[in-house]
Amino acid sequence: MCNISEEYKMTETVVTVGLGERSYPIRISSGLLEKIGIDLHERNIGAKYGVISDDRVAALYGSRFMQSLNAAGIRAELITFPSGEASKHLQTVAALSSELAQRGFDRKDALIALGGGVTGDITGFLASIYLRGIPFVQVPTTLLSQVDSSVGGKTGVDIPEGKNLVGTFYQPKAVYIDLDVLQTLPVDELRGGLAEVIKYGVIHDAEFFAFLEQNREAIFALNQDVLVRLIARCCEIKAWVVEQDEREGGLRRILNFGHTIGHAVEAASGFRLIHGYAVAIGMCAAAELAVRTGCLAAEEAERICRLVAAYGLPTTIPADLDQEAIRKYLLTDKKTVGGRVFYVLPERIGAVKITDQVCEEDVNAVLLNAYHLA
Ligand code: GLY
C-alpha cells in the first residue's frame, strides 16, 4: 500500500483546471519525478502505463523515472521516438500506435508524456485516438511545456501544409511539473519558455509582469521559490482561460498574443527560429501595432519590449527574413478565420483585446521593423 508522504504534501503547489468531471490537478514541486508513481498508484489512472518520450529526454530521465514507477508498484513500459519537431507527424503516431498494440495495451491502460511540447502534443493526440481514447498524464520537461502546452488539452501533429493542423482537444488526467528538470534545459530553450511567461503578464496580470521585471536574475539562477511562483501563476492564468473557453471559441484566443505575427515569422524562417523567440518578436510587433492603432500607450509598448530584451529575447524581425513570405504566412495561419486575420493587441499591461480591425498599412509598417526600443 502506497501513501503520499507528509513531506510531499507540504512542499508541493497544486493548481486545478476546473472542467467539471474532467477537472485535473497540476502538481508543481522539485523532486516530483521520483514521486509520480505514488500519486498514480493512489489515483489508479491506468492498469499499465506507456511512457512516451523522445530519445534525448529518455537518455536523461528515462531509467530514473521508470525505476521510480516500478518502485511504487506501477507497471510501465518506455517507448521512445527520435527527438525534434521533425517527429511531430502522423507517421510517428502510427508507429507508436502499432507499438502499443503489439505490446498489448488495452482500454484499461494509460499513457504518460515525458518530455517537451512535441512529446506532449504527440502523446495527447495518440491517447485521444488509440482505442478511441485512453487516459494520459503530462510530465513536461521544458519551461515552455510546463507553463503552456501541457495544460489545456490541445494535442496534435504537423502536416506538410502547416504546424498543428491535425489534432484534438483532449484533457490530461494530471500534469506533474518537476522543477529539477529545468537544470538540464539549454538556456535558449529556457529563454524560449520565458517568452510565453511574459505573455501571461501582458494578457492578464500587471503585477506578475512587474514580478518578472524584478526577478530576472533569480529566474535565470533557477531559484526554486521564484520558479514555483512563476510556473504556478502561468498555470493559474491558463486554467482560468481554459475553464471559460476550452475549445477556443473566443477568450482562449488571448493565449495567441504574440503568435499571429510570431508564427508567420517562425514559418518564414523555415522554423530555424526557436518558437519562443518568434513569439517574443511577435509580442513586440503586436505591442507596436497596438500603439499604431491607438489602443496602447507608447510607454507601455516600450516596457513590454524592454522586458523581452532583458530576458535575452529578440524584439525585431531578423533582417534576412522575406517580408513577402511573412505576409503570405499571416494570411494562411490556422488562426485566420474566413480570410480575416485576428490580432491580440494589448490595451495596457495586464489586458488585451482580440480584433480583426487592423489595416494593412499598419501591419506593413510593423513588418518593416518600424518598432524599436528608445
Ligand atoms: N498554446 C495556446 C493554447 O493552449 O491555447
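The values are calculated or read from the model by the stated rules, or taken from the named source; none is laboratory data. Nothing here was measured: the structure is a model prediction, and the numbers come from that model. Note that we place each Cβ from the backbone using ideal geometry, even for glycine, and neighbour counts take in every protein chain shown. We work out accessible area using only protein heavy atoms, side chains counted, and drop any ligands, DNA or RNA first. Shrake-Rupley method; radii C 1.70, N 1.55, O 1.52, S 1.80 Å.
On the beta carbon distance between Glu213 and Ala71, with R0 = 45 Å, the FRET formula returns roughly 0.60. Rounded to two decimals, the Cα radius of gyration of region 108-180 over 2.2 N^0.38 Å is 1.03.
In the assembled protein chains, Ile129 presents an accessible area of approximately 80 Å² (probe radius 1.4 Å).
Toward the positive end of the charge dipole of the chain, with +1 on the Cβ of Lys and Arg and -1 on the Cβ of Asp and Glu, the farthest Cα among Leu321, Tyr24, Gly276 is that of Tyr24. Given the pairs Lys88/Lys154; Lys108/Lys163; Lys48/Lys88; Lys173/Lys238, which are separated by over 22 angstrom at their Cα positions? Check vs 22 Å cut-off fails for Lys108/Lys163; Lys48/Lys88. Each label was represented as a point 7 Å from its Cα along the Cα-to-Cβ direction; for Thr13 and Trp240 these points are 1.4 nm apart. How far is helix 323-332 tilted off the main Cα axis of the chain, in degrees rounded to 10, range 0 to 90? For 323-332 against the chain, the angle is about 60 degrees. Summarising the amide proton neighbourhood of Phe342: residues at separation of 5 or more, or on other chains, whose placed amide H is nearer than 5 Å comprise Val337. Here the simple spin-label model places points 7 Å from the Cα toward Cβ, and for Asp188 and Leu165 these points are separated by 2.6 nm.
With the convex hull drawn over the C-alpha atoms of the chain, the volume per residue is 128 Å³.
Across the chain, the mean sequence separation of Cα contacts (distance under 8 Å, 6 or more residues apart), normalised by length, yields a relative contact order of 14 percent. The 1.4 Å probe gives accessible areas that order Met283, Met66, largest first, as Met66, Met283.
Sequence-ordered 3J(HN,Hα) estimates for region 67-80 from the Karplus curve with 6.51, -1.76 and 1.60 and θ = phi - 60° stand at 4, 5, 5, 4, 4, 8, x, 8, 7, 8, 10, 8, 10, 10 Hz, glycine and proline given as x.
Taking the C-alpha atoms only, the angle from helix 224-244 to the longest principal axis of the chain is near 80 degrees. Other residues lying with their Cβ under 12 Å from the Cβ of Phe105 contribute a combined charge of +1, Lys and Arg counting +1, Asp and Glu -1. If you line up the long axis of helix 90-102 against the longest principal axis of the chain, both from Cα atoms, how many degrees apart are they, to the nearest 10? It is inclined by approximately 10 degrees. The residues packed around Glu246, meaning those with a beta-carbon under 12 Å from its beta-carbon, carry a net charge of +2 if Lys and Arg are +1 and Asp and Glu are -1. Computed about the Cα centre, the dipole magnitude for region 115-207 is approximately 380 debye when only Lys and Arg (+1) and Asp and Glu (-1) carry charge, each at its Cβ.
Mean sequence separation of contacting Cα pairs (under 8 Å, at least six apart), scaled by the length of region 245-374, corresponds to a relative contact order of 30 percent.
Modelled this way, with points 7 Å down the Cα-to-C-beta line, the labels at Arg272 and Ala365 are 3.1 nm from one another. Only Cα pairs under 8 Å and 6+ residues apart enter the sum, and on that basis the relative contact order of region 48-138 stands at 35 percent. What is region 176-306 by shape, rounded, prolate or oblate, if you read a ≥ b ≥ c off the alpha carbon gyration tensor as root eigenvalues and call it rounded for a/c under 1.5, prolate for a/b larger than b/c, and oblate otherwise? Because its axes are fairly even, with a/c under 1.5, region 176-306 counts as rounded. Rounded to 0.05, the FRET efficiency of the Arg107 and Val337 pair, given R0 = 30 Å and the Cβ-Cβ distance, is 0.25.
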